[in-house]
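Visitor: Below: one structure in structure tokens.
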Amino acid sequence: MSGPLRRPPSGPLPPHRRLGAGVHPAVLTRRVAAGARRRSRLHLAALVAAALGVAGVLLWGGGQAVLALMDDQLGAVPDSRRLPADTVVLDRHGGLIAVLHPPGERRIPVALAQIAPELRRATVAVEDRNFWNEGAVDATRLVAAAWTDLVRGGAVQGASTITEQLAKVLYVGTSPRTVERKLREIFIARHLARTLSRAQILEEYLNDINYGHGAYGAEAAARTYFGIPAARLDLARASLLAGLPNSPALLDPYLHPGAARARQRAVLAAMVDTGAASPDAAAAAVGGGLRITTTVDSGLQRFSQDAVTAQVDSMAAEHAGDGALVAVDPRSGEVLADVGGAGPGHAGSQIDMASRPRSPGSIFKLFTYSAALEARRLSMLSPLRDVPFSLPHGGGDDGGGRYQVHDYEPRYRGTVTVKEALAGSLNVPAVKAELLTGIPDVLRMARGLGVTTLSRPDSAYGASLTLGTYPVPLEEIAQAATVLAAQGWFRPEHVLLSVRDRGGGELLGRRPGHRALDPGVAFVMNAILADDANRAASFGARSALTIPGHLVAAKTGTTSGFRDNLTVGWTPRLAVATWVGNADDRPMRNTTGLSGAAPIWNAVGGWLLDGTDAQTGAEPGALDELAPQAACRQWTRGGGLLWSCSPAPSGLDGDPGPPPPASPGAGPAGGGPGLSLSFTLGG
């Protein structure tokens, strides 16, 4: 397909709350400092009282028995706690072959000596300037911060030392702030201070803290943002990274470069103030750093953020608290917009829900039917029975009971075709298609289309795989959609166009694309999911999955308990994945992918495609590279594109007939049913 994406308008957008390039860096930085959540004065008073009590014991003594008791009760921790790390695969000469990530994150632990001194000094200066000389808790700072919170009515001033932050990361977690949680954090920090040296604590901290975009630890962050090991970080890069853990989502340098740069200046100022950097070096780090060009379209980013925020706010009665969106150009893999949450004032606003694995629900059927079509187990017209169905294992709390498969609607439709089953998102036929194809082949398809979180052995996955019970990040759903949109071509998602050093040298490499899916399979999947008539029985005609004037493919997902609503839609120019739910996994109330997430897809897709030609993933030449598994051909007739993979004349108007038989041995063993359809391009 040709033609650039339409540039979003440069004028002002509707006055929804938003988070993105349209927010002034100073305003966004103040939001970060102030925090998104406000506590009640009663809660704050309790925290102040606890802080005063602990500080009194720590500062003035006289309570050794009390301290010992609290250490025993609140500071007890397991003997060891190690977060999952990446597995690095090397060749015999030490060359990198692959890096296998834990689900949804990258973590590459390294020794403190392998982390640049600039990052060590920057982190200590901005997070805990007295780190090398203090104990586990800075009691004076604790009291001052608690008092400031109470007087100003909210979280204004931080108090946690690096040791306390490490205690929170390793043992306490990010549950809502309570007196008990803060006390446990303090006394676990005391335990860590007794059992680890200062250098060991800093090493653990720099290996485990969240820097955003799924990068945990300095090594993963340096490689994610700059493509270099942490040992090679200079002052400019180190000061940028050191500021990110304060709020990885709000300070994302890809999406909010102004806020990230403002935070970097604050880090450098702290370094100058503590003597960790000279004023001249700090000035040079700000003025002579890298020139980074991202793929993000600022206008689309603003509009997408507004669309997510507005939809989440409209679903208060359904108990929706957060949302996310990823928009990608399938022709290049460039991420055009990445909305990690509904923005300030929403629970979970500092969690990037676009990269957090969630259950995808019925969207996973994309992989099941793609695998079935590619293996020639099914055609789009193959019959499947939608009737009560169960399996002897996989049900119950321990998986040992009978597994009863239910459709979303409390009725069964009898015999349906594959196109009706997929477009209507029927569960029973999907499980049967999965069993017919084989779970290993379905997993292979998902991994080949960009899903990295399904990394356990194939035997660890059950029949509910096709129903989306195993978590997948939204950004990987968007990646898979780009493959369908691009007739089977996999072009890796990326958010950087260019990274140049001060001399203008390009530092960024690019991974090439490759064929990941048979183009005939992509054609059939697009034909099924772009035809509104196929899903009308389940979703109604002209639903939010359609965009007037455009031929688009789309699929929804809804998980049990209404915890996740998802929609993914695509054309050759755009793939958009959307999610609505709650970051803490609380269930919503009676809302589905169609009612919860599809309106975001419809708004963003419609706004960006407005004024462009109507297109679909089916284009002349889409089958040119079809594997020799059937006698496939395509032709045009009356402005439409007709296609058939029947080994005999299809009966469609203008069918030139099957090509001559392939030479013996050219095709795969077995064979399968032929496919045929007619498909019209245009408005």
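Visitor: Could you look through region 272-324, keep only residues that are among the charged types (D, E, K, R) and in contact with a strand residue (DSSP E or B) (Cβ under 7 Å, 6 or more places away or on another chain), and pick out the one that is surrounded by the fewest Cβ atoms within 10 Å (Cβ to Cβ)?
Guide: Ranking the qualifying residues of region 272-324, first place goes to R291.
Visitor: Against the conditions (1) charged (D, E, K, R); (2) at pLDDT below 85; (3) within 24 Å of the chain's Cα centre (by Cα), where does R586 fall short? Just the number, please.
Guide: Of (1) charged (D, E, K, R); (2) at pLDDT below 85; (3) within 24 Å of the chain's Cα centre (by Cα), only one is false for R586: (2).
Visitor: Further question on the same structure: Hey, can you tell me all the residues within region 503-530 that are under 20 Å from T224 (Cα atoms) and over 25 Å from the mean Cα position of the chain (by Cα)?
Guide: Residues satisfying the conditions are G505, E506, L507.
Visitor: Can you go through P512, P473, P492 and tell me which one is under 25 Å from D252 (Cβ atoms) and surrounded by fewer than 16 Cβ atoms within 10 Å (Cβ to Cβ)?
Guide: After applying the criteria, what remains is P492.
Visitor: When you scan region 162-180, do you find a residue that is modelled with pLDDT of 70 or more, closer than 20 Å to A236 by Cα and assigned to a helix (DSSP H, G or I), even just one?
Guide: no
Visitor: Give S379, S425, S370 a once-over and let me know the one that is within 23 Å of T546 (Cα to Cα), part of a loop (DSSP other than H, G, I, E, B) and open to solvent by less than 20 Å² (accessible area, probe 1.4 Å).
Guide: Result of the check over S379, S425, S370: S425.
Visitor: Examine region 259-270 for a residue that is at pLDDT 85 or above, within 22 Å of the chain's Cα centre (by Cα) and not polar (S, T, N, Q), and state whether such a residue exists.
Guide: Among the residues of region 259-270, at least one is at pLDDT 85 or above, within 22 Å of the chain's Cα centre (by Cα) and not polar (S, T, N, Q), which makes the answer yes.
Visitor: Follow-up question, since we're still on this one. Under 8 Å by Cβ, and 6 or more places apart or on different chains, what pairs join a residue from region 399-418 that is open to solvent by less than 80 Å² (accessible area, probe 1.4 Å) with one that is in a helix (DSSP H, G or I) and among the aromatic types (F, W, Y)?
Guide: These pairs meet every condition: V418/Y369.
Visitor: Continuing with the same structure: For region 540-550, does any single residue satisfy the condition of being part of a helix (DSSP H, G or I), open to solvent by 30 Å² or more (accessible area, probe 1.4 Å), within 22 Å of M315 (Cα to Cα) and modelled with pLDDT under 90?
Guide: no
Visitor: Among the residues of region 311-328, how many are among the hydrophobic types (A, V, I, L, M, F, W, C) and closer than 11 Å to V604 by Cβ?
Guide: Number satisfying all stated conditions: 3.
Visitor: Also: Does G448 satisfy the condition of being surrounded by fewer than 23 Cβ atoms within 10 Å (Cβ to Cβ) and small (G, A, S)?
Guide: Considered against the rule, which asks whether it is surrounded by fewer than 23 Cβ atoms within 10 Å (Cβ to Cβ) and small (G, A, S), G448 comes out as yes.
Visitor: Can I ask one more? I'd like to know if region 277-294 contains one or more residues that are without any contact (Cβ under 8 Å) to a residue 24 or more places away in the chain, part of a helix (DSSP H, G or I) and hydrophobic (A, V, I, L, M, F, W, C).
Guide: Yes, some residue in region 277-294 is without any contact (Cβ under 8 Å) to a residue 24 or more places away in the chain, part of a helix (DSSP H, G or I) and hydrophobic (A, V, I, L, M, F, W, C).
Visitor: To continue, here is another question. Kindly provide the set of residues from region 245-268 that are closer than 21 Å to L206 by Cβ, in a helix (DSSP H, G or I) and not basic (K, R), ordered by number.
Guide: Scanning region 245-268 gives P245, N246, A260, Q264, A266, V267, L268.
Visitor: Considering only region 199-233, state which residues are part of a loop (DSSP other than H, G, I, E, B), modelled with pLDDT of 90 or more and open to solvent by 30 Å² or more (accessible area, probe 1.4 Å).
Guide: P229 - this is the single residue of region 199-233 that is part of a loop (DSSP other than H, G, I, E, B), modelled with pLDDT of 90 or more and open to solvent by 30 Å² or more (accessible area, probe 1.4 Å).
Visitor: Just the residues that are assigned to a helix (DSSP H, G or I), open to solvent by 30 Å² or more (accessible area, probe 1.4 Å), of a type in the set (S, T, N, Q) and touching a residue at least 24 places away in the same chain (Cβ under 8 Å), please, taken from region 451-470.
Guide: Within region 451-470, none qualify.
Visitor: Looking at S359, is it open to solvent by 10 Å² or more (accessible area, probe 1.4 Å), over 26 Å from T295 (Cα atoms) and among the hydroxyl-bearing types (S, T, Y)?
Guide: Yes, satisfied.
Visitor: Residue by residue through region 325-380, note down the ones that are farther than 22 Å from A485 by Cα and within 11 Å of the chain's Cα centre (by Cα).
Guide: G340, G341, I351, D352, M353, R356, P357, R358
Visitor: With the condition kept exactly as written, say whether any residue in region 287-303 is touching a helix residue (DSSP H, G or I) at 6+ places or on another chain (Cβ under 7 Å) and acidic (D, E).
Guide: no
Visitor: Do you know which of the residues in region 556-581 that are of a type in the set (A, V, I, L, M) and out of contact with any Lys or Arg (no Cβ under 7 Å at 6 or more places or on another chain) is farthest from G468 (Cα to Cα)?
Guide: L574
Visitor: So how many residues does region 315-336 have that are aliphatic (A, V, I, L, M) and not in a strand (DSSP E or B)?
Guide: Adding up the residues that qualify gives 4.
Visitor: Which of the residues belonging to region 237-251 are open to solvent by 10 Å² or more (accessible area, probe 1.4 Å) and either out of contact with any Gly (no Cβ under 9 Å at 6 or more places or on another chain) or under 23 Å from R510 (Cβ atoms) (or both)?
Guide: R237, L240
Visitor: Is it fair to say R261 is surrounded by fewer than 24 Cβ atoms within 10 Å (Cβ to Cβ) and within 12 Å of A122 (Cα to Cα)?
Guide: The answer is no for R261.
The values are calculated or read from the model by the stated rules, or taken from the named source; none is laboratory data. Model, not experiment: these values are computed from the prediction. Note that we place each Cβ from the backbone using ideal geometry, even for glycine, and neighbour counts take in every protein chain shown. SASA here: full protein model, heavy atoms, side chains in, ligands and nucleic acids out. Shrake-Rupley method; radii C 1.70, N 1.55, O 1.52, S 1.80 Å.
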